[in-house]
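The values are calculated or read from the model by the stated rules, or taken from the named source; none is laboratory data. Quick caveat, the model's predicted, so the values are computed rather than measured. Here the Cβ positions follow ideal geometry from the backbone for every residue, glycine too, while neighbour counts run over all protein chains shown. Just so you know, the surface numbers come from the protein's heavy atoms only, side chains and all, with ligands and any DNA or RNA stripped out. Shrake-Rupley method; radii C 1.70, N 1.55, O 1.52, S 1.80 Å.
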Number of protein chains: 2
Amino acid sequence: MNTSPTLWWDAGTGSIRYIEQTLLPGKYRVVECRTVRCLARAIRRLEIRGAPALGVAGAFGVALAACRCRKKDPGAFRADVARDAELLRATRPTAVNLGWGIDRVLGAMNHAPDSETARNLALAEAQAIFLEDTDCCHAIGRHGAALLPAACTVLTHCNAGALACSSWGTALGVIRSAVEGGKDVRVIACETRPLLQGARLTAWELARDDIPVTVITDSMAAHFMRTSRIDAVIVGADRITSDAVFNKIGTYMHAVCARHHGIPFYVAAPLSTFDAVRKAGDVVIEERGREEIAVIGNRTFVPDGVAVKNPAFDATPMNLVTSVITETGIIHPPFDIHSVVRGRTK
Amino acid sequence: MNTSPTLWWDAGTGSIRYIEQTLLPGKYRVVECRTVRCLARAIRRLEIRGAPALGVAGAFGVALAACRCRKKDPGAFRADVARDAELLRATRPTAVNLGWGIDRVLGAMNHAPDSETARNLALAEAQAIFLEDTDCCHAIGRHGAALLPAACTVLTHCNAGALACSSWGTALGVIRSAVEGGKDVRVIACETRPLLQGARLTAWELARDDIPVTVITDSMAAHFMRTSRIDAVIVGADRITSDAVFNKIGTYMHAVCARHHGIPFYVAAPLSTFDAVRKAGDVVIEERGREEIAVIGNRTFVPDGVAVKNPAFDATPMNLVTSVITETGIIHPPFDIHSVVRGRTK
C-alpha cells in the first residue's frame, strides 16, 4: 500500500513540500513552499485540503514562519510569527484542525528564551504533529476496520484519505486497514461536487492501492443504497461539536439517506477534530465562490446573472451518526464530546 | 412569459425544428431535422430531451417518416414507417412518452386507404399531440399552482420545464402558473449531474421569464431543506408505474430528504407518462456512457481505468410522493394508477 506523505518538511531547504491536489488526477506535482504567504495561498486554493492535513499544514506553517523570521528581538520575533499564524488561521474557517495545529506549535514556542530555541521547538512540535497524524490514522483504521464485514461495499464522500492527512487517511484509513487485514472491501466514491475530490482524489489514491473503486455522482448514492448492497457509509469530518459533524457539503444528505435505508453511518476523525467549545450554530460554514459551481473545465454551465449558493460544508446532527471512529476507539451514542475532549487534554 | 415552443413542425420545409439543448446556456441554436435518422441521433445525444417533449418528438418523427417515404405500395409504405418508428423507439428506454407518441401516430395512420391519406393523418395526429401537450402543461400548472403558498421557495431537479415539453413545462409549468397568478415563487434549481440540465436549462428558462432562481449542487438540497425554508419539491417524471415514479437520477434522494424534513414532494406529469402495465421492477433504467461522468468540458476528472456507474434515472416509491399533479387534477395517496389510466382511455 502506498504510504508516501501528502505534505512534509524538507529539512534540506527549510521549506514545506506538498502534493498539489487541484491538478490530480491529470498531473502529479510536488510543490515547494518557502513562505507563509505561499502556504496560505495553497490552502485557500485547496492545493492542500482535508482537516487533518490542514492541522499539519498549520503546524508546519508556524514552524516555517519561525524559521524564516530573522528578527533577533524576542518581542519582534514573536510578533512576526503571530502575524503569520493569523494569516494562516484566516484561510479556512470551518475545519478546526487548522487552528489546532497552529496553536499547538505557538504554544510549544511560548517559553523559549530566544528565537533560535523557539525555531527548534516549533519545528520539533510540527514534526511531532505530522508523525502523530499518521499514527492517528493507523489507529483509526484499526478501530474502524473491526466494524466492517469480511466482504462489504462502503460508500464514501469527498476525500478523507491519505491526501487529506499526513498519510493513510481517516475514512479511507479504515478501508485500507480493513483491506490490509484481509477483508474484501469495495468502495463507492461519490464524486463530490463542486470540486470533485471524490472523483479526482479518492478514486486516484484507491486505484493506486488496487482497492476496487467505482465513481458515482453524489445524487446516485440514495439510488444505490436502495438497489444495491451498501454495507456502510464512512466519511471524515472537519469539525465535530457536541451536536453535529461538520464535513464536506453532501455529507448530511448521505446521513439522511443512510438512516432511511438502515445503513450505518460512520464518521472517522482524530480527536483534534473535536470542538467541545462551540455548538453547531456557532460554527461558520465557509461560503466559497460562484465560479466553483458555474464553471467546470473550460465551460460555463450556469447562465450569467443567475444566483449560485456554494456552502463548502454542512452539519449532520449527531442523532444521524451511528459511531465516531477515533484513534482511541469507537464512540457510540449518546455522544459525550466533552468527556472525549477532556480525555484528550489529560 | 416566454411561450415559444421547444420543437415544432415546419410546414414550409416538411421538417422538424428544435432548440439544440446540449449547447445551452452558451449558445441558442435551432436545428432543422429532415430525416428520422437525424432525429434519432438528436434524441440519443439529448439535444431533445424531457419526457413530454420526447412524446412530441416521437409523434413528429413518425409523421416525418410518413412524409419522407415515397413508396406507393401500401405494404411497403407501412413497413418503412414501422422501421423508422422502431428506430426512434429504441433511442431511449425509460421515458414512456416516446413510445406513447409514436404509437398514437401509428394508430392514427392504421386504416388509411393510401399513403397520401396516411401522411395527412400522421401529421394531423402529431400536431394534435403537440398542441395537447401545451394544453396539458397549462392545466397541470393551474392545478399545481393551487398547492403552493402565496410566497414560497420551491426546489426542483433536472429540467421539467418548457424545454422538456412543447412549451410551458410540467414542474416549471406549476411554477409559471403560480407566478402568473400573482404568487411570489423563488426556485432552487439543483444542477443535476451529470449533464447539468438544472444549471443549464432550468436556470436559463426561468431567468428568461424573470423568475428568481438559485443554482445549487445536487448534494446541497438536504442542507437547504434543513437550514432554509423550502416549501415544496416539484419534479417531473419519465414514467409513473403503479408503484414508483421514474425520473432523472437524484429524484429519489430528494424524495427521501423531503420526507425526512416534512416537505411535500410533488410530481407534475401528464397522463401520457403513466404506465399501468409495468411494475417498477420491469422498467429498464437507461445506463449511459462513462464519459458523461468522467469528462466535463475539456477536463477528465475520473482517473483512467476507474469504474463509473451512470444510471440516467431512479425510481421513487409512491409512498414518498405527496401528490401527483396531472392535467385532469391532483392525485392523492393511495395512488390508484390503474383507474387514472382507465379514465384517460375512456
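A single member of A:262, A:281 is on the phi > 0 side of the Ramachandran plot and within 13 Å of chain B (Cβ to nearest Cβ), and it is A:262.
Residue A:206 fulfils the conditions (1) buried (at least 21 other Cβ atoms within 10 Å of the Cβ); (2) on the phi < 0 side of the Ramachandran plot; (3) part of a loop (DSSP other than H, G, I, E, B) except for a single criterion, (3). Of all residues in segment A:196-229, those being touching a residue at least 60 places away in the same chain (Cβ under 8 Å), among the small types (Gly, Ala, Ser) and facing chain B (nearest Cβ under 8 Å) number 2. When residue B:95 is tested against (1) under 23 Å from the mean Cα position of the chain (by Cα); (2) surrounded by fewer than 16 Cβ atoms within 10 Å (Cβ to Cβ); (3) at pLDDT below 95, exactly one condition is not met: (2). Applying a threshold of 7 Å to beta carbon distances and a minimum spacing of six or more residues, or different chains, the list of pairs starting in segment A:106-126 at a residue that is closer than 14 Å to residue A:85 by Cα and ending at one that is open to solvent by 50 Å² or more (accessible area, probe 1.4 Å) and not small (Gly, Ala, Ser) reads A:108/A:121; A:109/A:121.
Which residue out of A:340, A:324 is of a type in the set (A, V, I, L, M, F, W, C), in contact with a Phe, Trp or Tyr (Cβ under 9 Å, 6 or more places away or on another chain) and part of a helix (DSSP H, G or I)? Residue meeting the stated conditions: A:340. A Cβ distance below 9 Å, combined with a sequence gap of six or more or placement on separate chains, defines the contacts here; from segment A:180-195, residues that are over 15 Å from residue A:213 (Cα atoms) reach residues that are modelled with pLDDT under 95 and part of a loop (DSSP other than H, G, I, E, B) in the pairs A:180/A:1. When residue B:130 is tested against (1) assigned to a loop (DSSP other than H, G, I, E, B); (2) hydrophobic (A, V, I, L, M, F, W, C); (3) touching a strand residue (DSSP E or B) at 6+ places or on another chain (Cβ under 8 Å), just one condition goes unmet, and that condition is (1).
Being within 14 Å of another protein chain (Cβ to nearest Cβ) and either in contact (Cβ under 8 Å) with a residue 40 or more places away in the chain or β-branched (Val, Ile, Thr) (or both) is the filter here, so list the residues in segment A:319-346 that pass it.
Once the filter is applied, which keeps residues that are within 14 Å of another protein chain (Cβ to nearest Cβ) and either in contact (Cβ under 8 Å) with a residue 40 or more places away in the chain or β-branched (Val, Ile, Thr) (or both), segment A:319-346 yields only A:320.
With respect to residue A:287, is the statement that it is among the acidic types (Asp, Glu) and either away from chain B (no Cβ under 14 Å) or farther than 24 Å from residue B:219 by Cβ (or both) true? No; evaluated as a whole, the condition is false for this residue. Sub-7 Å Cβ pairs linking a first residue in segment B:292-313 that is at the interface with chain A (Cβ under 7 Å from one of its Cβ atoms) and touching a residue at least 12 places away in the same chain (Cβ under 8 Å) to a second residue that is among the polar types (S, T, N, Q) and surrounded by 16 or more Cβ atoms within 10 Å (Cβ to Cβ), at least 6 apart or interchain, are B:293/A:217; B:293/B:310; B:308/A:214; B:309/A:214, ordered by first then second residue.
Scanning segment A:67-102 for residues that are of a type in the set (Gly, Ala, Ser) and either touching a residue at least 40 places away in the same chain (Cβ under 8 Å) or out of contact with any helix residue (DSSP H, G or I) (no Cβ under 6 Å at 6 or more places or on another chain) (or both) gives A:75, A:76, A:79, A:82, A:90, A:95, A:99, A:101. Scanning segment A:150-165 for residues that are surrounded by fewer than 24 Cβ atoms within 10 Å (Cβ to Cβ) and assigned to a loop (DSSP other than H, G, I, E, B) returns a single hit, A:150.
Among the residues making up segment A:172-193, those that are surrounded by fewer than 24 Cβ atoms within 10 Å (Cβ to Cβ) and assigned to a loop (DSSP other than H, G, I, E, B) are A:181, A:182, A:183.
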